[in-house]
1. In whole Hz, with x marking every Gly and Pro, tabulate ³J(HN,Hα) for segment 216-221 from phi via Karplus 6.51 cos²θ - 1.76 cosθ + 1.60, θ = phi - 60°.
2. Which whole-number percent is the relative contact order of segment 12-347 (Cα, under 8 Å, 6+ apart)?
3. Among 168-174, 266-272, how do they line up from the highest to the lowest mean number of other beta-carbon atoms within 10 Å?
4. Whose amide H sits under 5 Å from the amide H of F231, counting only residues 5 or more places off or on another chain, with H placed in the peptide plane?
5. Before rounding to the nearest 500, sum -39500 (n - 2.57) across all DSSP H runs of length at least 4 in the chain and divide by the residue total; then give [θ] at 222 nm in deg cm²/dmol.
6. Note the angle between two axes, namely the Cα long axis of helix 238-250 and the longest principal axis of the Cα atoms of the chain, as a number of degrees from 0 to 90, rounded to the nearest 10.
7. Taking the alpha-carbon distance from K81 and a cut-off under 12 Å, which aspartates and glutamates remain once sequence neighbours fewer than 8 residues away in the same chain are dropped?
8. Please work out the average accessible area per residue across the chain, using the 1.4 Å probe convention, and give it in Å².
Amino acid sequence: MTELKIDTKRPVMVTGATGYVAGWIVKELLETGCTIHAPVRDPDNSAKLKNLNALANASKGKIKFFKADLMEPGSYTVAMKGCGTVFHTASPFTLDVKDPQKELIDPALNGTKNVLDSVNATKSVKRVVLTSSCAAIYADAKDCASAPNGTLTEDIWNTTASLEYQPYSFSKTVAEKAAWEFAKAQGRWDLVTINPSFVMGPPIGGKPTSESFNFMQQLGDGAYRTGAPRFGIGVVDVRDVAKAHMAAAFIPRANGRHITSGHNTNIFEMFNVLKDQYGKDYGIPKSAAPKFLVWLIGPFMGIGRKVVSNNVNHVWKADNTKSINELGTSYHPLKQTMEEMFQYMIDAGYFKKKVGS
Ligand code: NDP
């Protein structure tokens with residue numbers, strides 16, 4: 001792995017530090033001895049900040065909390081003062097929304113503009129690492145078939161998500177596009193994006209509410225016991241995503257977008273790796289659910305029929321070569337990632353009860 005050039009004299013800023021993905025980035029930064037400026041929505045919520053404070057107490061680094069909200073113009077400026085690097089991870093990741101404009105697009109897009117306005121006003125910042133997503137590259141697994149060689153690359157943008165269809169993916173697409181416009185309009189700081197696929201793996205602690213956990217909650221509560229769809233998807237370990245962010249921040253020549261995805265897979269295969277260890281006590285599916293059945297019952301499980309048509313039994317494939325070659329990213333085996341997450345969730349009391357398969 002390329003050696004990282006970390007200047008621990010300057011603080012770094014991490015937005016959304018209370019989040020699942022950001023937790024591991026904070027851990028990495030603290031272990032190198034960095035001082036982190038962490039603007040959060042509620043710096044007085046000691047329960048929410050407990051795990052981050054515990055990490056700081058056990059490391060060489062320091063963490064300092066500030067109050068900020070993606071929707072409040074200028075609210076990141078104070079926390080950014082003197083920082084050399086900004087990690088912008090904060091963005092709502094939720095699929096169950098009533099008003100996608102208000103709940104997803106506005107915080108993602110206006111939040112990114114808000115943070116980058118502060119970056120433009122803060123001379124010490126030289127690099128911004130944006131947590132984007134593979135969702136800014138594709139909307140449906142079926143898009144892979146029309147990509148060159150059937151494979152998603154960093155050259156591709158999501159062109160089919162909208163406010164009405166896959167609004168979370170739309171929020172990530174418009175936010176990343178806006179960030180590139182900001183970056184190209186000036187020459188003092190540069191932008192590097194990390195584009196993870198679906199993030200799995202244990203958290204740093206607590207009971208995160210990220211969509212990654214809602215998804216596994218359904219599995220642990222038995223929702224897939226009779227079968228899971230071969231819904232094409234990419235998966236990556238949260239710890240690999242954090243290391244990729246570190247490389248994006250501290251390898252001077254890092255540039256552009258980075259597909260950060262360890263495995264080209266599908267939902268049935270993801271669950272199948274848990275069968276040996278947990279099949280006896282939990283509803284790990286033994287077989288793949290037929291597409292017509294998923295199409296019929298999908299809407300009752302919160303999956304629209306267009307999403308089923310465009311994703312189930314479609315192969316998902318992305319090229320992660322750039323992350324390996326330029327950021328030195330290496331990827332955990334899928335089985336280890338899934339087992340460590342599932343076990344964490346059992347221990348943390350996420351699941352209602354044991355459901356024999
Ligand atoms: P979490 O829900 O755990 O984290 C989201 C973070 O965003 C929280 O810290 C939350 O703060 C913050 N946030 C949300 N709305 C606001 C707001 N209005 N003002 C300030 N902060 C806000 O999700 P993840 O860790 O999973 O996601 C983190 C990032 O990674 C997001 O950008 C997401 O799009 C991206 N990503 C995630 C993937 C995944 O599979 N998990 C895959 C690809 C990308 P608070 O604690 O106050 O709610």
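1. With the stated coefficients, segment 216-221 comes to 6, 4, 4, 4, x, 8 Hz.
2. It comes to 18 percent, rounded to a whole number.
3. Output ranking for 168-174, 266-272: 168-174, 266-272.
4. Under 5 Å from the amide H of F231 lie the amide H atoms of I267, F268, N313, each far enough along the sequence or on another chain.
5. -10500 deg cm²/dmol
6. Its long axis makes an angle of about 30 degrees.
7. Once the sequence-local aspartates and glutamates are set aside, nothing remains near K81.
8. Here the per-residue accessible area is 44 Å².
The values are calculated or read from the model by the stated rules, or taken from the named source; none is laboratory data. Keep in mind the model is a prediction, meaning the values are calculated, not measured. All Cβ positions, even for glycine, are placed from backbone atoms using ideal geometry, and neighbour counts span all protein chains on display. In case anyone asks, the SASA skips ligands and DNA or RNA and just uses the protein heavy atoms, side chains included. Shrake-Rupley method; radii C 1.70, N 1.55, O 1.52, S 1.80 Å.
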